[in-house]
Amino acid sequence: MPRAILTEPDWSEVFKTSPDPAVESANERCRDMASVEWRRVVPVLEVAAGIGEVDHATVKDLCVCVARIDQAERDLSERGLMVTAERGTVKNGAATIAAQYRTQLARYIRELGLSPSARTAITAPEFDDDDSDIWD
């Protein structure tokens with residue numbers, strides 16, 4: 001079976017352009033982070049797990065999670081864990097958002113075999129370039 005090659009998504013469709021400079025700056029960084037993660041994991045997954053087009057949405061969502069975690073962590077670094085709101089000092093909502101994305105990211109890591117423990121459950125597919133078999 002020949003190797004499948006997943007096409008990287010157009011991240012500007014996920015993280016839209018915004019007229020607000022602050023939002024656009026965050027979305028631009030998210031586009032970059034998602035792209036870096038895609039280029040990091042897809043080559044490994046194509047060989048180790050034999051992923052194909054059917055897995056595109058899952059891998060795309062994993063990359064979105066990584067980008068959003070980065071965005072939430074940057075907000076926490078800039079504004080702190082506690083922020084001043086109308087009712088006084090409250091927990092920064094970015095902490096909750098980061099935790100939720102991390103929970104989802106952990107699921108994707110297990111699903112795709114991206115952790116040491118998850119990799120033990122995955123057997124790499126055998127790639128057969130022999131086109132002589134009529135059943136290929």
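What the table below lists for this structure:
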quantity	calculated
Filter result (among the hydroxyl-bearing types (Ser, Thr, Tyr) and assigned to a helix (DSSP H, G or I)) within the range 74-113	Ser77, Thr96, Tyr101, Thr103, Tyr108
Qualifying residue in the range 47-54 (condition: closer than 25 Å to Arg119 by Cα, among the charged types (D, E, K, R) and part of a helix (DSSP H, G or I))	yes
Some residue of the range 111-133 being touching a Ser or Thr at 6+ places or on another chain (Cβ under 8 Å) and at pLDDT below 95	yes
The range 30-45, residues that are out of contact with any Asp or Glu (no Cβ under 7 Å at 6 or more places or on another chain) and surrounded by 18 or more Cβ atoms within 10 Å (Cβ to Cβ)	Cys30, Arg31, Ala34, Glu37, Val41, Val42, Leu45
Residue match in the range 97-111 (condition: of a type in the set (Asp, Glu), touching a residue at least 40 places away in the same chain (Cβ under 8 Å) and within 16 Å of Val14 (Cβ to Cβ))	no
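The values are calculated or read from the model by the stated rules, or taken from the named source; none is laboratory data. All values derive from a computational prediction rather than experimental measurement. Note that each Cβ is placed from the backbone with ideal geometry, even for glycine, and that neighbours are counted across all protein chains shown.
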